[in-house]
Ligand SMILES: CC(C)(COP(=O)(O)OP(=O)(O)OC[C@H]1O[C@@H](n2cnc3c(N)ncnc32)[C@H](O)[C@@H]1OP(=O)(O)O)[C@@H](O)C(=O)NCCC(=O)NCCS
C-alpha cells in the first residue's frame with residue numbers, strides 16, 4: 001500500500017560487495033566536484049551538460065544546486081538519484097559515480113529511465129553493472145516499477161557492453177534523440193521488464209552468475 005506523501009522505494013541504501021549506492025548528502029560537495037572535474041574528457045561526450053564552463057558547473061558551489069534539484073525530484077517521486085560509492089578496506093567509502101532512476105511514471109506505465117557514469121580511475125571493474133543490477137532489482141521490488149529503459153549513443157561501446165552483458169533488450173533507434181556534446185545525437189533504446197528476470201531471482205542474481213561463469 002502506498003502511503004500519502006511517501007515514495008515507494010525511496011530513500012534506500014543498496015549494496016553488493018564493495019559497491020554501495022546511497023542517497024546524496026550535502027557533505028558530498030568536495031568529493032563530487034573532484035571526481036567530476038577530474039573526468040571532464042571522460043564524461044563530456046556522453047552527457048547533456050548545463051551551459052557554462054565544466055569547472056564552474058561541477059564546482060563544490062554548483063553541487064549545492066545539483067543536490068537541491070536531485071533532492072526535490074526524489075521528494076516528488078520523479079527520480080531516485082544514488083551516489084555510487086566503493087567501500088575501502090579501511091572502512092571508508094569513496095564516491096566514484098552516479099546512477100539515477102529518472103522520469104519515473106507510475107500507474108499503467110510503471111517505468112523509469114536509468115542514467116549512470118563512473119570515475120575513469122575505476123572503470124572496467126564491473127562497478128556500474130553491479131550498480132545497475134542493484135537499481136533494477138530495487139525498481140522492480142520496493143520501487144514498484146515494471147520497466148526500466150536506458151538510452152545510449154551507438155558510439156558508446158563501454159555503455160552498450162554494460163547493458164548487453166546484463167541482457168537488456170535492444171528495442172529502438174531514436175534519431176537525433178538528445179542534445180549532447182554540441183549536437184543532437186542518435187540513441188539506441190534498451191529496456192527490461194520485471195518478467196524478464198523474475199525466474200532468475202532478479203538481475204543481481206543473473207549478474208553474479210555471469211561473473212562466476214566468466215572466471
Ligand atoms: C559506461 C560506463 C558507465 C561503464 O562502467 P564500468 O563500471 O566501467 O563498466 P564495466 O566494468 O562493465 O566495463 C564496461 C566496458 O568498458 C570497457 N572498459 C574496460 N576498462 C576500460 C577503461 N579503463 N576505459 C574504457 N573502457 C573500458 C570494456 O569493454 C568493458 O566491457 P567488458 O570488460 O565487460 O568487456 C563507464 O565507461 C563510463 O562512465 N563512461 C563515461 C560516461 C558514460 O558513458 N555514461 C553512460 C552514458 S549512456
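At-a-glance table
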{"item": "Filter pass, residue 147 being touching a residue at least 12 places away in the same chain (Cβ under 8 Å), within 16 Å of the ligand (Cβ to nearest atom) and touching a strand residue (DSSP E or B) at 6+ places or on another chain (Cβ under 9 Å)", "result": "no"}
{"item": "Selection status of residue 167, away from the ligand (no atom under 11 Å from the Cβ), touching a helix residue (DSSP H, G or I) at 6+ places or on another chain (Cβ under 8 Å) and modelled with pLDDT of 95 or more", "result": "yes"}
{"item": "Unique residue being in contact (Cβ under 8 Å) with a residue 12 or more places away in the chain, out of contact with any strand residue (DSSP E or B) (no Cβ under 6 Å at 6 or more places or on another chain) and within 16 Å of the ligand (Cβ to nearest atom) when the list is 120, 103", "result": "120"}
{"item": "Scan of the stretch 170-215 for residues that are part of a loop (DSSP other than H, G, I, E, B) and either at pLDDT 95 or above or under 13 Å from residue 154 (Cβ atoms) (or both), ordered by number", "result": "194, 199, 200, 201, 202"}
{"item": "Breaking point among (1) within 12 Å of the ligand (Cβ to nearest atom); (2) under 25 Å from residue 209 (Cα atoms); (3) not in a strand (DSSP E or B), for residue 115", "result": "(3)"}
{"item": "Extreme residue, surrounded by the most Cβ atoms within 10 Å (Cβ to Cβ), among residues of the stretch 15-39 that are within 13 Å of the ligand (Cβ to nearest atom) and assigned to a helix (DSSP H, G or I)", "result": "35"}
{"item": "Residue count, the stretch 116-142 (criterion: within 15 Å of residue 192 (Cα to Cα) and crowded, with 18+ Cβ neighbours inside 10 Å)", "result": "10"}
{"item": "Any chance residue 42 is modelled with pLDDT of 95 or more, within 16 Å of the ligand (Cβ to nearest atom), assigned to a strand (DSSP E or B) and in contact with a helix residue (DSSP H, G or I) (Cβ under 7 Å, 6 or more places away or on another chain)", "result": "no"}
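Results for (1) assigned to a strand (DSSP E or B); (2) under 20 Å from residue 10 (Cβ atoms), shown as yes or no for each residue.
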position	(1), (2)
73	no, yes
84	yes, yes
91	no, no
96	yes, no
109	no, yes
131	no, yes
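The values are calculated or read from the model by the stated rules, or taken from the named source; none is laboratory data. Note that the structure is predicted; figures quoted are calculated from it, not measured. Glycine gets a Cβ as well: all are built from the backbone with ideal geometry, and neighbour counts include every protein chain shown.
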